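The values are calculated or read from the model by the stated rules, or taken from the named source; none is laboratory data. No experiment lies behind these values; they were computed from the predicted model shown. No Cβ is skipped: glycine too gets one built from the backbone with ideal geometry, and neighbour counts run over all protein chains shown. Side chains are part of the model used for accessible areas, which takes the heavy atoms of the whole protein and leaves out ligands, DNA and RNA. Shrake-Rupley method; radii C 1.70, N 1.55, O 1.52, S 1.80 Å.
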Amino acid sequence: MNLDKENLLYRGKAKDVYQTNHPQQVMVKFRDDITAGDGAKKEVMGMKGYYNSLISAKLFMLLEDAGIKTQYIDLPEPGFMLSHKLDMIPLEVITRNIAAGSLLRRFPFQEGQTFNPPIIQMDFKNDEYHDPMLNDDIIHALGIASNQDLEIIRKITMKINQVIKDFLESRGLLFPDFKIEFGRDYMGNIVLGDEISPDTCRFWDQKTRDIMDKDLFRKGESGVIEAYQKVTNIILDEKDKKRWNLDF
Ligand SMILES: Nc1ncnc2c1ncn2[C@@H]1O[C@H](COP(=O)(O)OP(=O)(O)OP(=O)(O)O)[C@@H](O)[C@H]1O
Ligand SMILES: [Mg+2]
């Protein structure tokens, strides 16, 4: 897809956001750049954007079917997601079903311990301040979201977790944790934006507990893109593969 540089609204670490002719719609380009540790570790990994866009599109569609509002409009070709333009809320909303990652470095949880109910954690999406963990009072004082907004965000997040977790488990995957971002559409509705991909989630094989997400890259292991392809293959149905002309 040929996108005009003049229409580039925002270039993040892994995606570009372009204004389209429609004022309330953007085209999100999923790039192949992969970063970890606040951007300290950086690489380009061919096909990553392609797989991430397909996984995100499939999961957004699944959520839409469950009645959850997402940015997703269409994936005209892998790598490019036509999306509702959102005024992003600077929160990283993290949900944890199984203890892993930074949680274990910060708190005395047991590796692999399950959380029921799941833990919802909110971090400040701000590279300059290194995404510190927030509490409700700090969120209010920063003017990020009201009590009512937070209630809505938590409710939607719990539902997103349930829908995706059930789906993944039916396909042999565990869903230890994930990070999502919300924004407001032109009507002021709180809508799920950004992406849901192996860059922003943990996916483990249910039987072997093999890692199939960006943790492979963080740990400097091989087979990163192969894992992303495997997740795509597991998540997409035959009809999805036909629709996007995939040959794997
Ligand atoms: N539907 C949307 N409308 C507008 N902006 C969006 C939408 N979905 C995501 N974004 C924003 O676009 C950017 C996506 O790019 P990317 O994920 O590469 O950025 P990032 O490196 O995580 O974040 P940043 O550079 O903002 O710290 C993020 O800032 C994200 O909040
Ligand atoms: Mg991002």
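So the values come out like this:
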{"quantity": "Residue satisfying condition, being at pLDDT 95 or above and out of contact with any strand residue (DSSP E or B) (no Cβ under 6 Å at 6 or more places or on another chain), within set Lys241, Lys179", "calculated": "Lys241"}
{"quantity": "Residue list for the range 179-205, restricted to those being of a type in the set (S, T, N, Q), more than 9 Å from ligand 1 (Cβ to nearest atom) and either open to solvent by less than 30 Å² (accessible area, probe 1.4 Å) or assigned by TED's automatic domain parsing to the domain that holds Gly37 (or both)", "calculated": "Ser197"}
{"quantity": "Selection from the range 1-53 of residues that are among the hydroxyl-bearing types (Ser, Thr, Tyr) and either open to solvent by 70 Å² or more (accessible area, probe 1.4 Å) or more than 18 Å from Cys201 (Cα to Cα) (or both)", "calculated": "Tyr10, Tyr18, Thr20"}
{"quantity": "Hey, Glu77 in contact (Cβ under 8 Å) with a residue 24 or more places away in the chain and in contact with a helix residue (DSSP H, G or I) (Cβ under 8 Å, 6 or more places away or on another chain) or not", "calculated": "no"}
{"quantity": "Residue match in the range 124-136 (condition: touching a helix residue (DSSP H, G or I) at 6+ places or on another chain (Cβ under 9 Å), at pLDDT below 95, not small (Gly, Ala, Ser) and not in a strand (DSSP E or B))", "calculated": "no"}
{"quantity": "Of all residues in the range 90-114 being in a strand (DSSP E or B) and in contact with an Asp or Glu (Cβ under 9 Å, 6 or more places away or on another chain), the one that is farthest from Phe182 (Cα to Cα)", "calculated": "Ile98"}
{"quantity": "Matching strands (runs of 3 or more DSSP E) fully within the range 1-81 where at least 2 residues are on the phi < 0 side of the Ramachandran plot and within 16 Å of ligand 2 (Cβ to nearest atom)", "calculated": "8-11, 15-19, 25-30, 33-36, 41-44"}
{"quantity": "Looking only at the range 54-92, and only at residues there that are under 18 Å from Gln229 (Cβ atoms) and out of contact with any strand residue (DSSP E or B) (no Cβ under 8 Å at 6 or more places or on another chain), the one that is most open to solvent (accessible area, probe 1.4 Å)", "calculated": "Glu77"}
{"quantity": "Residues that are modelled with pLDDT under 95 and farther than 16 Å from Ser197 by Cα, drawn from the range 25-40", "calculated": "Gly37, Asp38, Gly39, Ala40"}
{"quantity": "Number of positions in the range 206-225 that are in contact with a helix residue (DSSP H, G or I) (Cβ under 9 Å, 6 or more places away or on another chain) and not in a loop (DSSP other than H, G, I, E, B)", "calculated": "5"}
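So that you can scan it fast, the table gives a plain yes or no per residue for (1) acidic (Asp, Glu); (2) surrounded by fewer than 17 Cβ atoms within 10 Å (Cβ to Cβ); (3) more than 22 Å from Ile235 (Cβ to Cβ):
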position	(1), (2), (3)
Ile94	no, no, no
Asn135	no, yes, yes
Ile138	no, yes, yes
Leu168	no, no, no
Arg171	no, yes, no
Leu174	no, no, no
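This table checks each residue for (1) of a type in the set (A, V, I, L, M); (2) modelled with pLDDT of 95 or more; (3) out of contact with any Cys (no Cβ under 6 Å at 6 or more places or on another chain).
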{"position": "Asn2", "(1), (2), (3)": "no, no, yes"}
{"position": "Val44", "(1), (2), (3)": "yes, yes, yes"}
{"position": "Ser53", "(1), (2), (3)": "no, yes, yes"}
{"position": "Glu77", "(1), (2), (3)": "no, yes, yes"}
{"position": "Asn97", "(1), (2), (3)": "no, yes, yes"}
